[in-house]
């Protein structure tokens, strides 16, 4: 059988492909869902599974858990949702993963950055020494998280055309659940974005693939912000926790949310 558009090849490839398209029509375009279900598709192919039955699903789950015992199990939700869809669309007897299979891996507890830590970090980000674009883009990157509440992925995926220097706004396009939004930026963030853009244009021209790029002009990889964050943290002279909660780039978003809640509470805003 030829692979489907999303790479499914097993006995349930048609149903899996139809399900992914159904989710996409609802604005759910997550690559993780496709990757997890490809794993299930290969399992079905190897074991000749032509129906969504309990034994097939639970053997696949057990195999994945054995391969990564301590990993996050949020992927349970993908196979559970596929089962529900199968019951409605194709097979009323399709197996829906039992609630006894819990994800069981708690969300990481956020590290609440203090005002001092945030200020020292952003100051150090503006003086980072590097032969790569991070020398001039670090502060802008992390300011979008600290001052505008963007997710790490949203900053990485920000396109050049989505930054309007004249209007002092940015467009966050096709983010979580396919949603988009336009955000105003303050004077300090706007100035930092303009300087970053000008320096990147000087080095890479006007058609770079993303606002923030690597030394080769490619979009920033998912793991790179964490690496740069640790370097800036050290440069700022901040102590890295040896145990317990450790700071991550995403904690700037948590700090942004917490600061807003504090302000609304102080001002008596009814939210």
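Screening residue 236 on (1) closer than 19 Å to residue 113 by Cα; (2) within 21 Å of the chain's Cα centre (by Cα); (3) at pLDDT 95 or above shows it passes everything except condition (2). Just one of the numbered conditions (1) closer than 29 Å to residue 222 by Cβ; (2) modelled with pLDDT of 90 or more; (3) loosely packed, with under 13 Cβ neighbours inside 10 Å is not true of residue 42: (3). Looking across 245, 176, 166, one residue alone is within 18 Å of the chain's Cα centre (by Cα) and surrounded by fewer than 18 Cβ atoms within 10 Å (Cβ to Cβ). It is 176. Taking (1) surrounded by fewer than 18 Cβ atoms within 10 Å (Cβ to Cβ); (2) within 30 Å of residue 251 (Cβ to Cβ) in turn, residue 34 satisfies each apart from (1). Looking at this structure, is residue 93 closer than 25 Å to residue 230 by Cβ and exposed (fewer than 14 other Cβ atoms within 10 Å of the Cβ)? Criteria not met by residue 93. Among the residues of the stretch 135-153, some residue qualifies, meaning at least one is surrounded by 16 or more Cβ atoms within 10 Å (Cβ to Cβ), assigned by TED's automatic domain parsing to the domain that holds residue 205, touching a strand residue (DSSP E or B) at 6+ places or on another chain (Cβ under 7 Å) and closer than 18 Å to residue 250 by Cβ.
The values are calculated or read from the model by the stated rules, or taken from the named source; none is laboratory data. Note that the structure is predicted; figures quoted are calculated from it, not measured. Note that each Cβ is placed from the backbone with ideal geometry, even for glycine, and that neighbours are counted across all protein chains shown.
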